[in-house]
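Beneath this line is the structure, given in structure tokens, with notes to follow.
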Amino acid sequence: MSATAFFIIALINFALFAAILLRLARRPVMSLFAERERTTRETMERYRDAYERAEQEIARFRRLLEDLPEERRRVTERYGERAAQAAAEIADRARRETDFLRREAHRAAREARDRCYEESFASLVAALVTDAERGAGALDAERRRAVLASSTALLERGGAR
């Protein structure tokens, strides 16, 4: 057989093999490529959706970052107001407590002063009565009774007895 005839037979043989192969393998190969294309498209859609969500989150974070100085100012202002209010309340409470303590100190000082006056007066009266009684011994009986009655009255008035 000549080389040309052999080539033609090989070519026909190849064409028949390719036709049979195409006929038998066409559907599985096409479905394989179609499935691969569908999977690739779905994957790309998921990636695209994830990318868009990520871009939205990035935009949201950028807006938050842009609003951060204003938010910090608002928070600082709000806590500054609360601190001023708390300081005013503390100062008011301290003022009330100071006033109360001042009144109590004045009351206690008045009571101590009054006790000192009473004790001093009683001591003075007692000393005067004692001196009068000692000095009354040199007097006659009538004057002695008058001095003792006066000193008793003085003691009762002074609250020394």
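FYI, it's all coordinate maths here, none of it is from the lab. Please read these numbers as outputs of a predicted model, since none were measured by experiment. Ideal geometry is used to build each Cβ from the backbone, glycine not excepted, and the neighbour counts take in all protein chains shown.
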Seminar exercise, completed: Subset of region 67-88, residues of a type in the set (D, E, K, R) and either in contact (Cβ under 8 Å) with a residue 40 or more places away in the chain or surrounded by fewer than 10 Cβ atoms within 10 Å (Cβ to Cβ) (or both), comes to Glu70
Problem set entry | Matching option when the condition is of a type in the set (A, V, I, L, M), under 30 Å from Arg157 (Cα atoms) and part of a helix (DSSP H, G or I), among Val125, Val75 | Val125
